[in-house]
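First comes the structure, then the notes that go with it.
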Amino acid sequence: MPEIAGRFRHIVLGAGGIGSATAYWLSDKGAQSVLCLEQYDLGHELGASMDFSRIIRHAYHSSFYTNLTQASYDTWSLIEERTGLPLVTKTGGVDVGRPKHVEPYAPALTEAGHEFEMMDSAELMRRWPQWHVKDDDIAVYQKDSGILDIRKASYGHLALGRANGVTYVDRTPVTAITEYPDRVEVTTDAGIFVGETLSVCSGSWSPMLLESMGLRNPIVVSHEQVCYWATQNLLEFAPDRFGIWIYHDEVENYYGFPVFGLPATKAGRDRPHDLIDPANRSWDVREDNLKQVEDFMALRLPDALGPRMFSRACCYDLTPDRHFLVDHVAGSSRIAMFCGAGHAAKFASLMGRIMADLALDGGTEYPIEPFAWNRPAIVDPDFVPTLAIAEGSLTPHGM
Ligand SMILES: Cc1cc2nc3c(=O)[nH]c(=O)nc-3n(C[C@H](O)[C@H](O)[C@H](O)COP(=O)(O)OP(=O)(O)OC[C@H]3O[C@@H](n4cnc5c(N)ncnc54)[C@H](O)[C@@H]3O)c2cc1C
């Protein structure tokens, strides 16, 4: 019989982008006894939240997200004040490509009250001659788009939590979760941790944890990767001259960044149909994927290319409709779970705040109804995956 390793009011599972934020916001809301468990070292590089840059933007097709983006920017401002760390760099940003994919940004941005500019390909290339796009491509520009330094943000949340008395236990994988009427038990090799609530923020490792709870697992995991190129044209791609971008081709999305974090440009290709077994993953970078991104860059942004400086692979954890999951699991009042569907870094602090609300208050004032557990995409085994799971489908809210 494993021994009790510790008793806490609130346990957070995972110290990535969302878990580090959840533990901090629990402590900020006055929770006295908070434990954050992490399977690897704190600040490890094997999860989804450890790179210099993630896109942050208002530009989404859906009010599910435009209803939350301002709160997300505001929450990052608070964390910047409290840590003294610049975390969000506004560069402006464009969604470029096939009109059928770019046009739908206009109604969503209009409804949410965010300024934007639509332009044709000639205007795009006049303003940013770095682009070489198709004649009938169009673009939407939004000035608040930019870069979130997710790695710094996660470290910042850890530091703020530490200052508030959060206990972090790293190198301690959770192997099972059991809920009782009066508590949750979390099993590890170091013993059992007992909590009144559990916030599961386990990213692409979530399928194994859902199975350990005896729940059907709706979450799939895809292999993703990004590359940094040592362009010789650093100034052309400086963040004050060239912003973040997403290119929407017929059936593929590419995305990229100006020079940031390293003296290099960075881009990747959204691959949500490239599913892998989460229990037997590889962090090896795939050459065919890299080659496809480089072919795209050579065609559309040739001056951004240069020798490969650094590539890294990581995973998206995806729900079948590619919307977030932020809710208590299967009727539980003690265990809540988060799934970021491959685009949650920009919301990490806000989502941590919401997860803290769920643990402490059972609900939240933020509009998270679309991300409920009890929706067909999560609970219906016959739900046909939409948006981005099948090869060739579209990913309007990716990144
Ligand atoms: C290539 C790529 C590009 C992306 N681009 C963007 C973007 O531009 N904009 C954007 O908003 N989002 C983007 N995303 C998505 C975003 O990065 C993720 O949604 C977000 O970082 C997920 O954070 P997380 O905390 O859920 O997961 P993670 O950061 O992976 O954290 C999960 C943590 O849980 C721990 N854990 C898991 N299981 C256990 C266990 N059993 N016991 C103990 N600990 C455990 C893990 O070790 C890990 O530390 C991108 C993702 C990828 C992979």
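The values are calculated or read from the model by the stated rules, or taken from the named source; none is laboratory data. Just so you know, these numbers come straight off a predicted model, no measurement behind them. Here the Cβ is made from the backbone with ideal geometry for all residues, glycine too, and neighbour counts use every protein chain on show.
Any residue at all in the range 90-111 that is in contact with an Asp or Glu (Cβ under 7 Å, 6 or more places away or on another chain), closer than 27 Å to residue 153 by Cα and surrounded by 15 or more Cβ atoms within 10 Å (Cβ to Cβ)? Yes, there is a match, as at least one residue in the range 90-111 is in contact with an Asp or Glu (Cβ under 7 Å, 6 or more places away or on another chain), closer than 27 Å to residue 153 by Cα and surrounded by 15 or more Cβ atoms within 10 Å (Cβ to Cβ).
Here residue 80 meets each of (1) in contact (Cβ under 8 Å) with a residue 12 or more places away in the chain; (2) of a type in the set (D, E, K, R); (3) touching a Leu at 6+ places or on another chain (Cβ under 7 Å) with one exception, condition (1). All conditions but one from (1) assigned by TED's automatic domain parsing to the domain that holds residue 208; (2) touching a strand residue (DSSP E or B) at 6+ places or on another chain (Cβ under 9 Å) apply to residue 40; the one that does not is (2). Within the range 29-72, track down each residue that is more than 30 Å from residue 283 (Cβ to Cβ) and surrounded by fewer than 19 Cβ atoms within 10 Å (Cβ to Cβ). Correct list: 29, 30, 32, 33, 62, 63, 64, 67, 70, 71. State whether one or more residues within the range 127-142 are at pLDDT 95 or above, part of a helix (DSSP H, G or I) and closer than 21 Å to residue 267 by Cβ. Yes, the range 127-142 has at least one match. In the range 308-317 there is no residue that is closer than 15 Å to residue 200 by Cα and of a type in the set (S, T, N, Q). Please enumerate the residues belonging to the range 181-217 that are of a type in the set (S, T, N, Q) and over 18 Å from residue 326 (Cα atoms). Within the range 181-217, 187, 188, 212 qualify.
Just one of the listed residues (285, 329) is among the β-branched types (Val, Ile, Thr), outside the structural domain of residue 33 (by TED's automatic domain parsing) and in contact (Cβ under 8 Å) with a residue 12 or more places away in the chain, namely 285. If the condition is being in a loop (DSSP other than H, G, I, E, B), touching a residue at least 60 places away in the same chain (Cβ under 8 Å) and in contact with a strand residue (DSSP E or B) (Cβ under 7 Å, 6 or more places away or on another chain), then the range 230-257 contributes 230, 231, 239, 243, 249.
Please indicate, with yes or no, whether at least one residue in the range 233-243 is more than 10 Å from the ligand (Cβ to nearest atom), touching a Gly at 6+ places or on another chain (Cβ under 7 Å) and not small (Gly, Ala, Ser). Looking for residues that are more than 10 Å from the ligand (Cβ to nearest atom), touching a Gly at 6+ places or on another chain (Cβ under 7 Å) and not small (Gly, Ala, Ser), one finds none in the range 233-243, hence no.
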